[in-house]
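The values are calculated or read from the model by the stated rules, or taken from the named source; none is laboratory data. Just so you know, these numbers come straight off a predicted model, no measurement behind them. All Cβ positions, even for glycine, are placed from backbone atoms using ideal geometry, and neighbour counts span all protein chains on display.
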Amino acid sequence: MKNSREQTGNKSMRQDRERNRASVIYFTERGKALGEKIREKLKNARPELSLRMGRMPGQSLQEWCREAFEDSQLLIFVGAAGIAVRAIAPFVRDKFTDPAVLVLDEQGNYVIPILSGHVGGGNRWAAFLAEELPAVPVITTATDLYGKFAVDVFAAGNGLVLSDRRLAKEISGAVLRGKKIEFYCEKPGILLPGKSSGSAAAPVGNFPKDLLWKEWNEAEDGWPEEKNTPETSVPGDGREKPQPERGNYRIYTGIHDFREQEGTLCLFPKAVVIGIGCRKGKSAEEIERFVKKVLKEQRIAPESVCCLASADRKKEEGGILAFAEKYRIPFYTFSAEELAQVPGTFTSSEFVKQTMGIENICERAAVKAAMERSRREYMPALLQKKTAEHGMTLALAEQEWSVVFE
């Protein structure tokens, strides 16, 4: 972020991985020739990939795999599938963090995704190489074979966090059986032609035929108020989320938490900024309790939190740093001059102004971080104005986000 200092906690393996690196390995001269051809084709890929070709002198296949799993999003084996399977086996952990792995025969006839075909994008990379080489893609995942909506792929492509992996699997199974799934989204995308800014928005991209589009907005008491289209109308009193019919499923995409409702899979965007201030010496445990309390009161999912923000005089505050480290979220700080330039009306405190040089820290910091993290000029809304407890202050803002259907 510009003009700010960022403290970041430990990241997951996938976050640490170079998102745009591919590692290619081969075992014969013919395999090397195909590997070089793959290198040329991947230069046309979007997003562009940096490439690592072959092994270092003296490097074992196991060492190569370990390194590639740590820093690449795509591994390509030119050779027998059995070699690839045995090589990657010790490093396979989780479909949501493992890189995509492809195997090609030396003649370049077939390209086979053998790991992370969905979330890791293996199927998409296989289709790309199959068209470029050309070759035959060997796709075995059921939703791809039948052209069905895959909720885990949709979530990964839009940077959303699944509330329940088991339920996601159940929904994919229901889709394969031909069941329609209700789909709700707080911020679905662009406005329909001729609609005003207060109108329901349309999904961006090609909305899957396996889903039922459900429009809704926020009621004054914070509960979703349903707005149904004639085709997908479901009875509801307009004050709380209608329960699906027994055995039915629905998908909700947004920052609020409805996972306790039967059959509801929540997809959470990382979009909530916590603006925070505290007296010196506050512990991470005190901060955590306060944060959890406020999130629960606002029915905001903890998974939706994307970062912390405060004044630069708090950049070394141990409790805040430890809390950010524990939950692996970045911590941004801003000078009093930067915070003073944030547009809007904020809760004022003469004491804070005398000690910090600005009349409000948490609200201004939350909005400032949300503005800078958004992809375009955007004025964030405060989800929670300044609230205080035992020498701590907190505010919540929402950065820009949307979802796209491919």
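Candidates W64, W125: the one that is over 28 Å from the mean Cα position of the chain (by Cα) and closer than 16 Å to V24 by Cβ is W64. Taking first residues from the stretch 266-277 that are under 19 Å from V404 (Cβ atoms) and partners that are in a strand (DSSP E or B) and of a type in the set (F, W, Y), the Cβ contacts under 6 Å between residues at least 6 apart in sequence or on separate chains come to C266/Y252.
Let's see how each residue does on (1) in contact with a helix residue (DSSP H, G or I) (Cβ under 8 Å, 6 or more places away or on another chain); (2) within 30 Å of V153 (Cβ to Cβ):
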residue: K292; (1), (2): yes, no
residue: A309; (1), (2): yes, no
residue: Y332; (1), (2): yes, no
residue: E338; (1), (2): yes, no
residue: F351; (1), (2): no, no
residue: E372; (1), (2): no, yes
residue: M379; (1), (2): yes, no
residue: A397; (1), (2): yes, yes
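Name the residue that is modelled with the lowest pLDDT, counting only residues in the stretch 353-394 that are of a type in the set (V, I, T), surrounded by fewer than 24 Cβ atoms within 10 Å (Cβ to Cβ) and over 19 Å from Q298 (Cβ atoms). Among those residues, the one meeting the criterion is T355. When the residues of the stretch 144-181 are filtered to those that are in contact (Cβ under 8 Å) with a residue 60 or more places away in the chain and part of a loop (DSSP other than H, G, I, E, B), the one that is nearest to the chain's Cα centre (by Cα) is G159.
The criterion of at least 1 residues that are among the acidic types (D, E) and outside the structural domain of A381 (by TED's automatic domain parsing) is met by none of the strands (runs of 3 or more DSSP E) falling completely within the stretch 253-330. Within the stretch 38-66, residues that are in a loop (DSSP other than H, G, I, E, B) have Cβ atoms under 6 Å from residues that are among the hydrophobic types (A, V, I, L, M, F, W, C) in these pairs: L49/A22; L49/L42; R55/W64, counting only partners at least 6 apart in sequence or on another chain. Within the stretch 130-160, the residues that satisfy the criterion of being farther than 12 Å from V119 by Cα and hydrophobic (A, V, I, L, M, F, W, C) are A130, L133, A135, V136, V138, I139, A142, L145, F149. The lone criterion from (1) surrounded by 16 or more Cβ atoms within 10 Å (Cβ to Cβ); (2) without any contact (Cβ under 8 Å) to a residue 40 or more places away in the chain; (3) of a type in the set (K, R) left unmet by R21 is number (2). Residues in the stretch 134-152 that are in contact with a His (Cβ under 9 Å, 6 or more places away or on another chain) and among the charged types (D, E, K, R): D144, D152. If the condition is being buried (at least 23 other Cβ atoms within 10 Å of the Cβ), of a type in the set (G, A, S) and modelled with pLDDT of 95 or more, then the stretch 272-303 contributes only G275.
A single entry from A87, A80, A135 fulfils the requirement of being farther than 23 Å from A45 by Cβ, surrounded by 18 or more Cβ atoms within 10 Å (Cβ to Cβ), free of Cβ contacts under 8 Å to residues at least 60 places away in the same chain and assigned by TED's automatic domain parsing to the domain that holds R30: A87.
Every listed requirement among (1) buried (at least 20 other Cβ atoms within 10 Å of the Cβ); (2) modelled with pLDDT under 90 is met by E215 save one, (1).
Taken over the stretch 62-84, the criterion of being touching a Phe, Trp or Tyr at 6+ places or on another chain (Cβ under 9 Å) and hydrophobic (A, V, I, L, M, F, W, C) is satisfied by C65, A68, F69, L74, L75, I76, F77, V78, A80, I83, A84.
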